[in-house]
Every structure is written in C-alpha cells, then in structure tokens.
Amino acid sequence: MQDPIRTRCDNGILEVVIDRPKANAIDLATSRKMGLIFRDFRDNPELRVAIVTGAGEKFFSAGWDLKAAAAGDAVDGDYGVGGFGGLQELRDLNKPVICAVNGICCGGGLEIALSADMIIAVSHATFALPEIRSGTVADAASIKLPKRIPYHIAMDMLLTGRWLNVEEAHRWGFVNEIVVADKLMDRAWELARLLASGPPLVYAAIKEIVREAEGSTFQTAMNKITKRQFATVDVLYSSEDQLEGARAFAEKRAPIWKGK
C-alpha cells in the first residue's frame, strides 16, 4: 500500500508531501502519522524549517476524508499528536513552517495551511470552507480565519462555503505569494533555505511571542518579554547566538548561528 505521507530532509529542511489520491484527503490514520512527523520535526535540533505540500497538480488537500468518516472514522476521533493534520494543535512548535499550496485547498486542508507561518500558492489554487454543506463546523478555521483576514470576509467563507481564487486569497492576505505551477517547489525550497540560514533561537522566540500574545494585552506580553518569562526569550538572551549576532554586526560579517 502506498504511504500516504512522503518526507525528505536536506540541510535542515523537512519536506512533507500529502499523497492520498485522488484528493489528498486525511483520515484518522494519516493524521496520526502527520502528527508524529511534525512532532519529530519540532524535537529534532538538526531540522530548522518544514515545507508541507500535496502530491499532484489538482489538490493540496480536501481536508477531512468523508469516505473514511462514512466507513466509521469519527469526526471527533483520535487525530493524534498535534490534532488534525499534525500541525494545528501541536504545542511549542517554534520553527518556521511553509505551506506550498499546489491546487484545491479546502476544509481541513485550508486549516492545515492556516497553521503554517507562510503560504505560497500556484495560480490555479482555490480555497474554501465547505463544511457547512456537510453539516459540520470548520472548527480551527472558525478560530483562526477571522484573526487573519477581515472579519466579514472570514464569515462569508464560513457561513456560505464560497470559493476564493488565489488572487482574492492573496488580496485578503492569507496567501503570501502566487507562484507559477512548475516553480512552486523551487520557490518553497528557496524560502526554506533562506529561513534555515537564519537564527533558530530568534525564530523560536518570535513564534512563542506571537502565539502567546494572541490571548493577552500588548503590555502583558511586553512585560513577559522584558522579564524573560517566555522560555524561548530566556534561552535567547543567554545564548551564544545572541552574542554572535552582535559580534557579527560589529565586525561587518555574516553571523554563524549555532542554535545555542
């Protein structure tokens, strides 16, 4: 049987490919596998950046596998580490994730994309939250999307299930960049290499601050930073990399990041 998730690693970059023809839909077993992959990415100090994409040219992912659901997979079943798709509830994921959308991105597929830090997409990509038509709620998207794009556009998508083309998705700001189809992965890897060359401890601090600040006031978050109450900030401010950044700037050279 074909493995539903393919991975490869190169120079600190992990590529994760959802490969479940025809629509790259995700059942419980596939979600659990993705969770283990992203957990290992989080915990492996040799890995710095992840790319997630779909196989083929038509679908990134149609999200929840309704055929598997009809066969007995419970919609509130065990999705494994990190929740659905392994990303959207994975705790303490303090490394950059790039989503390369290669086609239709809907339902849980869009929720996975929203769990990434950057989204690039091909010119024929389309986006929707059609859960309303199958009598369920796009739970993660209901939480995340109104914080990412204008409220009324997010509610339009959630309440009507309408489709957005990639130009509209880019205009509302949840797609960073539109890429010619045959250049999608080249661009994803170019971005990943750029990020992999950067300071991992700073990235970790940025991600923790952004994540935790969502539920607090500006001043509360600032106080936690200045008092080193974020674990990643405390590590950063005591690190060799912090000193290396200052030295490299003073010496007018490129820094050498060690992640410690």
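Odds and ends about this structure:
- Qualifying positions in region 18-32 - within 17 Å of F60 (Cα to Cα) and either surrounded by 17 or more Cβ atoms within 10 Å (Cβ to Cβ) or aromatic (F, W, Y) (or both): I18, R20, A23, N24, A25, I26, D27, T30, S31
- Residue within region 106-118 that is touching a Ser or Thr at 6+ places or on another chain (Cβ under 6 Å), open to solvent by less than 30 Å² (accessible area, probe 1.4 Å) and either in a loop (DSSP other than H, G, I, E, B) or in the same structural domain as A62 (by the TED database) (or both) present: yes
- Selection over region 165-181 of residues that are touching a Ser or Thr at 6+ places or on another chain (Cβ under 7 Å) and outside any helix (DSSP H, G or I) gives a count of 3.
- Any chance G56 is under 30 Å from V137 (Cβ atoms), modelled with pLDDT under 95, in the same structural domain as N94 (by the TED database) and open to solvent by less than 70 Å² (accessible area, probe 1.4 Å): yes
- Residue check: A68 meets all listed conditions (1) part of a loop (DSSP other than H, G, I, E, B); (2) at pLDDT below 95; (3) surrounded by 14 or more Cβ atoms within 10 Å (Cβ to Cβ) but one, namely (1).
- Filter result for V81 (over 26 Å from D156 (Cβ atoms), of a type outside the set (D, E) and open to solvent by 10 Å² or more (accessible area, probe 1.4 Å)): yes
- Complete set of residues in region 122-136 that are in contact with a Phe, Trp or Tyr (Cβ under 8 Å, 6 or more places away or on another chain) and open to solvent by less than 10 Å² (accessible area, probe 1.4 Å): A125, F127, A128
- One residue alone among A154, A192 is within 16 Å of A116 (Cα to Cα) and open to solvent by less than 10 Å² (accessible area, probe 1.4 Å), and that residue is A192.
- Every residue from region 163-175 that is modelled with pLDDT of 95 or more and either surrounded by fewer than 17 Cβ atoms within 10 Å (Cβ to Cβ) or touching a helix residue (DSSP H, G or I) at 6+ places or on another chain (Cβ under 8 Å) (or both): W163, L164, N165, E167, E168, R171, W172, V175
- Within region 1-10, the set of residues being open to solvent by 80 Å² or more (accessible area, probe 1.4 Å) and either at pLDDT 95 or above or not in a loop (DSSP other than H, G, I, E, B) (or both) comprises R6, R8, C9.
The values are calculated or read from the model by the stated rules, or taken from the named source; none is laboratory data. As the structure is a prediction and not an experimental result, all values here were calculated from the model. So basically every Cβ, Gly included, is an ideal-geometry build from the backbone, and we count neighbours across all protein chains shown. Remember, those area values only see protein heavy atoms, side chains included, never the ligands or the DNA or RNA. Shrake-Rupley method; radii C 1.70, N 1.55, O 1.52, S 1.80 Å.
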